[in-house]
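In what follows, a single structure is set out as structure tokens and then discussed.
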Amino acid sequence: MTTDKQKRMRIYFTGVGGQGTLTATTLLARTAMDAGLDVVAGEVHGMAQRGGVVESVLLLGGWRSPKLDFGEADVLLGFEPLETLRGLPYLRAGGAVFSSADPLPPLSVSLGGAHYPSMEEVEAQTRRVAGQCHFVPCRELGLKAGSAQAGNTVLLSVACASGILPFGVDALEAAIGKYLPAKLQAANLKALELGMAALRI
Amino acid sequence: MSKNPLLDGCRGERHLLLGNEAIVRGALEAGVHMISCYPGTPSSEVPDTFRRLGGEGRYRLEYSVNEKVAFEVAAGSALAGAMSLVTMKHVGLNVAADPLFTAAYTGMPGGLVVLSADDPGCHSSQNEQDNRAYARAAMLPCLEPVSAQEARDMTREAFRLARELQQPVLLRTTTRVNHMRGPVEFDDLPSAQPLVPFERDPGRFVPVPAVARKRHAAVLGIMEKARALAESSRFNTERACNAATRLGIIASGVARNYLADALTAGGWDDKVRVLELGMTWPLPEKRLVAFLEQCDRVLVLEEGPALLERDVRALAQREGCKARLEGKTDSFTELGELSTTLVLRRLAEFLDCPCPVKGGNAQAMELPGRPPNLCAGCSHRAVFHAVRQLFGDDAYYSSDIGCYTLGMLPPLKCADFLVCMGSSISAGSGFARASGKTVVAFIGDSTFFHSGMTGLANAVFNRHDIIVVILDNGTTAMTGHQPNPGMVQEMLGEGAAHLDIEAIVRGMGVSCCRKVRAFNLKAVTTALEEMRAQSGVRVLIAEEPCALYARRQLKKTQPQVAMVKEQGPDAAHCLETLACPAFYRDGEALAVDESLCTGCMVCLQVGPKSFKARRRDA
């Protein structure tokens with residue numbers, strides 16, 4: 001895979017508190033840094049951790065602002081489909097979306113008051129603005145790899161394998177080996193493979 | 001990768017660090033001796049990182065009971081000659097403002113750095129106050145990093161200045177800086193730094209009026225020295241891609257980042273000359289005037305209130321600068337956070353260029369919200385449920401700062417007003433006296449130690465009429481389970497001692513005091529019924545470890561979970577009044593998500609006909 005070190009790219013991550021969105025952001029940031037790219041990541045902690053939305057950003061190639069506005073993200077990584085939909089305004093027209101297809105209904109939905117959009121609606125809305133999008137059963141594949149959290153690595157793997165990022169799956173694999181604790185390696189490497197396979201389908 | 005690069009990393013190494021971790025590294029590279037804090041988002045990862053590292057004897061760390069105390073401990077330590085760091089969130093500096101102003105008068109020979117982590121946008125705060133104002137009011141040099149590298153560099157520089165000037169230095173950050181990650185290049189850690197021996201000098205260190213008047217003048221002199229340092233500070237930089245341009249921008253704080261990205265996005269780098277301020281107080285006036293003289297028009301970019309803009313306007317007026325000054329407008333306001341888009345729009349206006357911002361592309365959609373909520377198995381929910389069932393809307397609920405502020409949400413609705421950290425008992429006392437209504441005040445264990453104790457003493461002293469519910473979950477839950485005096489001794493370790501809340505309450509003269517398990521609804525309700533029948537200061541201590549803390553730190557496992565045994569109105573009532581996040585609807589049926597249920601069994605007590613316990617699946 002060719003790697004364009006000069007490529008400036010802004011990635012927006014969104015998910016639900018407790019899912020591991022920030023850990024995934026940091027792993028991808030380290031992957032990018034080891035690939036020789038200028039890296040800035042931004043995240044918001046605090047009340048978001050109590051089951052709220054967790055957003056973070058990763059800027060590659062020399063951007064400095066650790067916060068994105070609507071229409072600024074080249075890539076959206078959604079770790080939960082409703083949050084992918086909520087985060088869509090951040091995507092620039094024609095940007096790429098990689099999203100989990102496994103809903104985590106918010107309390108308002110699980111208590112029966114609010115309506116969770118169908119996956120068809122989520123995909124249709126996404127296709128309207130995205131140049132390309134991939135919805136992946138991350139939770140299912142993560143569990144297959146060893147844990148629900150490994151589903152995050154499935155999604156990172158899909159994004160790396162797509163060729164859109166300025167580095168490939170090999171860089172992510174090296175970062176998993178270097179930065180994740182030994183006991184999590186096997187599941188995450190398996191998740192990496194499942195992610196690559198999911199993109200080929 | 002070494003185990004703790006923050007502690008083991010050497011000169012030339014580069015690591016990806018959180019802004020707050022970079023502050024820790026900078027302090028270590030300066031040779032910090034003593035750190036005190038009160039946790040608060042977005043500052044908490046600074047002390048928590050020091051705690052995680054342990055320090056190998058390099059430094060002492062303490063979680064103080066509040067910011068004022070933390071500041072005073074750090075001040076005493078700096079008077080004794082130690083390089084000292086005190087960390088807090090922006091509103092914490094209000095609590096510490098009294099010692100802050102006086103510490104600035106006497107000076108701090110060992111070197112005192114004050115980290116104020118501001119929260120524009122109120123990500124997890126009750127206001128957007130801008131603590132640059134404290135640098136101006138209290139006379140403190142101020143540094144404002146905007147990248148992880150600068151967080152490390154400026155923390156180190158802050159200690160250097162603090163020792164050189166003997167003046168406390170304000171290290172002012174904002175949420176986006178504390179919680180950004182970027183590569184940081186390391187230097188070696190120094191060998192142990194010497195203390196500055198304390199020399200008795202009551203004429204300086206005991207600010208009776210005659211001393212204070214003299215010190216005021218001395219501090220003005222010190223700040224003029226600081227200004228001279230700001231004139232040549234490497235953190236104040238100027239650039240002009242095109243020497244001929246007469247358009248200038250002065251940027252400070254996180255606006256520097258948005259400016260850089262906006263200039264790139266607009267392709268406007270050669271249209272302007274830029275002065276970036278990293279050491280933001282005192283202002284390098286000569287440099288600013290020289291910059292203004294090169295410009296016909298100057299735009300001042302800063303997040304929050306127009307502090308810098310006003311100061312530059314005053315300077316320009318005093319020095320007779322001809323440049324036209326611009327800054328905040330009706331659409332470029334002092335509210336919330338800046339963004340690249342906002343700065344792009346402001347720049348387009350300033351440069352009279354078409355704005356390249358296209359804006360969002362997706363249509364507005366009505367999506368179900370995902371507000372923060374009390375966790376499944378949170379002991380606060382059990383107590384709020386009992387209180388609401390008993391008092392309903394007949395009582396008024398005085399809330400405080402912590403996870404339990406979320407009790408404001410329906411169906412629990414257990415927060416009617418909140419003033420600030422530790423205010424529940426005192427504000428509740430005043431509300432009850434003025435209104436004659438029943439007031440129930442809620443306060444957590446850490447907040448009780450922070451500043452609830454004084455409110456309780458006052459309530460007893462002034463014979464107030466109030467029911468106080470101390471929600472004792474055994475930890476500082478909201479900010480990430482930091483130690484507080486209420487934490488059990490085995491979790492505190494040898495460096496700290498447990499204080500017993502009940503003994504404190506009784507010691508303050510509260511005779512009507514009961515302690516119950518929060519998950520025992522009957523005990524909570526019975527105690528509150530008794531208290532409702534009485535008057536004066538009544539205190540209920542509801543104990544139960546925070547669910548996250550119990551699982552992660554105390555390593556408690558609960559082999560049983562709840563399940564629905566009978567559908568119907570009883571089960572629906574439980575869902576509607578308890579609203580536990582572990583409940584969900586499966587079609588028309590109510591069910592309990594085993595992966596979320598912690599086995600608190602509060603639902604079994606609310607709806608005994610509808611729920612039962614079962615063994616957790618393997």
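Yes/no matrix, rows are residues, columns are (1) of a type in the set (A, V, I, L, M); (2) surrounded by fewer than 19 Cβ atoms within 10 Å (Cβ to Cβ); (3) within 11 Å of chain A (Cβ to nearest Cβ):
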position: B:Leu275; (1), (2), (3): yes, no, no
position: B:Asp296; (1), (2), (3): no, yes, no
position: B:Leu299; (1), (2), (3): yes, no, no
position: B:Val312; (1), (2), (3): yes, no, no
position: B:Arg318; (1), (2), (3): no, yes, no
position: B:Cys321; (1), (2), (3): no, no, no
position: B:Ala348; (1), (2), (3): yes, yes, no
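Being hydrophobic (A, V, I, L, M, F, W, C), within 25 Å of A:Gly18 (Cβ to Cβ), without any contact (Cβ under 8 Å) to a residue 40 or more places away in the chain and buried (at least 21 other Cβ atoms within 10 Å of the Cβ) narrows it down to one of B:Cys603, B:Cys546, B:Cys574, B:Cys580, so name that one.
Result of the check over B:Cys603, B:Cys546, B:Cys574, B:Cys580: B:Cys574.
Could you look through segment B:138-174, keep only residues that are under 14 Å from B:Leu115 (Cβ atoms) and among the β-branched types (Val, Ile, Thr), and pick out the one that is nearest to the other protein chains (Cβ to nearest Cβ)?
In this case the residue turns out to be B:Thr174.
Does segment B:125-142 hold any residues that are farther than 13 Å from B:Leu307 by Cβ and buried (at least 24 other Cβ atoms within 10 Å of the Cβ), and which are they?
The answer is B:Leu140, B:Pro141.
From the residues in segment A:141-165 that are among the hydroxyl-bearing types (Ser, Thr, Tyr) and part of a loop (DSSP other than H, G, I, E, B), which one is nearest to B:Ala572 (Cα to Cα)?
That would be A:Ser147.
Considering only residues of segment B:149-185 that are in a loop (DSSP other than H, G, I, E, B) and in contact with a strand residue (DSSP E or B) (Cβ under 7 Å, 6 or more places away or on another chain), which is nearest to A:Thr26 (Cα to Cα)?
Selected residue: B:His179.
Which residues, taken from segment B:316-331, are closer than 20 Å to B:Phe350 by Cβ and part of a helix (DSSP H, G or I)?
Within segment B:316-331, just B:Ala316 meets the criteria.
Hey, can you tell me all the residues within segment B:553-603 that are part of a loop (DSSP other than H, G, I, E, B) and hydroxyl-bearing (Ser, Thr, Tyr)?
B:Thr557, B:Ser595, B:Thr598
Report, by residue number, each residue of segment B:34-48 that is surrounded by fewer than 24 Cβ atoms within 10 Å (Cβ to Cβ) and either assigned to a helix (DSSP H, G or I) or out of contact with any helix residue (DSSP H, G or I) (no Cβ under 7 Å at 6 or more places or on another chain) (or both).
B:Asp48
So which of A:Gly15, A:Gly62, A:Gly20 ends up being within 30 Å of B:Asp118 (Cβ to Cβ), more than 9 Å from chain B (Cβ to nearest Cβ), in contact with an Asp or Glu (Cβ under 7 Å, 6 or more places away or on another chain) and of a type outside the set (Ser, Thr, Tyr)?
A:Gly15
Taking segment B:162-208 as the region of interest, how many residues are in contact with a Gly (Cβ under 9 Å, 6 or more places away or on another chain), surrounded by fewer than 24 Cβ atoms within 10 Å (Cβ to Cβ) and aliphatic (A, V, I, L, M)?
Going through segment B:162-208 one residue at a time, the tally reaches 5.
Is at least one residue of segment B:136-148 under 26 Å from B:Gly31 (Cβ atoms), without any contact (Cβ under 8 Å) to a residue 12 or more places away in the chain and assigned to a helix (DSSP H, G or I)?
no
Give the residues of segment B:478-494 that are without any contact (Cβ under 8 Å) to a residue 12 or more places away in the chain and not aliphatic (A, V, I, L, M), sorted by residue number.
Listed by number, the residues that qualify are B:Gln489, B:Glu490, B:Gly493, B:Glu494.
All but one of (1) surrounded by 24 or more Cβ atoms within 10 Å (Cβ to Cβ); (2) in a strand (DSSP E or B) hold for B:Met108, so report the exception by its number.
Condition not satisfied by B:Met108: (2).
Provide a single number: the residues in segment B:427-452 that are among the small types (Gly, Ala, Ser) and either surrounded by fewer than 24 Cβ atoms within 10 Å (Cβ to Cβ) or under 17 Å from the mean Cα position of the chain (by Cα) (or both).
9
Could you list all residues from segment A:23-59 that are among the hydrophobic types (A, V, I, L, M, F, W, C), at the interface with chain B (Cβ under 7 Å from one of its Cβ atoms) and either in contact with a His (Cβ under 6 Å, 6 or more places away or on another chain) or farther than 24 Å from B:Ser43 by Cβ (or both)?
The answer is A:Met33, A:Val44.
Counting just the residues of segment B:351-372 that are under 30 Å from B:Gln558 (Cβ atoms) and at pLDDT below 85, which one comes out nearest to the other protein chains (Cβ to nearest Cβ)?
That would be B:Pro372.
How many residues, within segment B:389-410, are aromatic (Phe, Trp, Tyr) and in contact with a helix residue (DSSP H, G or I) (Cβ under 7 Å, 6 or more places away or on another chain)?
2
Condition first: in a loop (DSSP other than H, G, I, E, B) and of a type in the set (Val, Ile, Thr). Now tell me which residues in segment B:464-482 satisfy that.
Across segment B:464-482, the qualifying residues are B:Thr475, B:Thr479.
Are any of the residues in segment B:230-246 part of a helix (DSSP H, G or I), over 30 Å from B:Ser339 (Cα atoms) and out of contact with any helix residue (DSSP H, G or I) (no Cβ under 6 Å at 6 or more places or on another chain)?
No, segment B:230-246 contains no residue that is part of a helix (DSSP H, G or I), over 30 Å from B:Ser339 (Cα atoms) and out of contact with any helix residue (DSSP H, G or I) (no Cβ under 6 Å at 6 or more places or on another chain).
Out of segment B:395-454, which residues are touching a Ser or Thr at 6+ places or on another chain (Cβ under 7 Å), within 19 Å of B:Gly92 (Cα to Cα), of a type in the set (A, V, I, L, M, F, W, C) and away from chain A (no Cβ under 14 Å)?
Across segment B:395-454, the qualifying residues are B:Leu418, B:Met421, B:Ala427, B:Ile443.
Collect the residues in segment A:49-71 that are surrounded by 24 or more Cβ atoms within 10 Å (Cβ to Cβ) and outside any loop (DSSP other than H, G, I, E, B), keeping them in residue-number order.
Residues satisfying the conditions are A:Val54, A:Ser56, A:Val57, A:Leu58, A:Leu59, A:Leu60.
Residue by residue through segment B:266-312, note down the ones that are within 13 Å of B:Ile250 (Cβ to Cβ) and either part of a strand (DSSP E or B) or at pLDDT below 95 (or both).
Listed by number, the residues that qualify are B:Arg273, B:Val274, B:Leu275, B:Glu276, B:Leu277, B:Thr280, B:Arg297, B:Val298, B:Leu299, B:Val300, B:Leu301.
I'd like to check something: does segment B:377-388 contain any residue that is within 14 Å of chain A (Cβ to nearest Cβ), in contact (Cβ under 8 Å) with a residue 24 or more places away in the chain and either under 23 Å from B:Pro39 (Cα atoms) or surrounded by fewer than 17 Cβ atoms within 10 Å (Cβ to Cβ) (or both)?
yes
I need every pair where a residue in segment A:149-164 that is over 15 Å from A:Thr31 (Cα atoms) has its Cβ under 6 Å from the Cβ of a residue that is at pLDDT below 95, sequence separation at least 6 or different chains.
A:Gln149/A:Gly20; A:Gly151/A:Arg139
Take the residues in segment B:323-346 that are within 26 Å of A:Arg92 (Cα to Cα) and polar (S, T, N, Q), then tell me which one is surrounded by the fewest Cβ atoms within 10 Å (Cβ to Cβ).
This residue is B:Ser331.
The values are calculated or read from the model by the stated rules, or taken from the named source; none is laboratory data. These figures come from a predicted structure and were not determined experimentally. Neighbour counts are summed over all protein chains in view; Cβ atoms, including those assigned to glycine, are modelled from backbone coordinates with ideal geometry.
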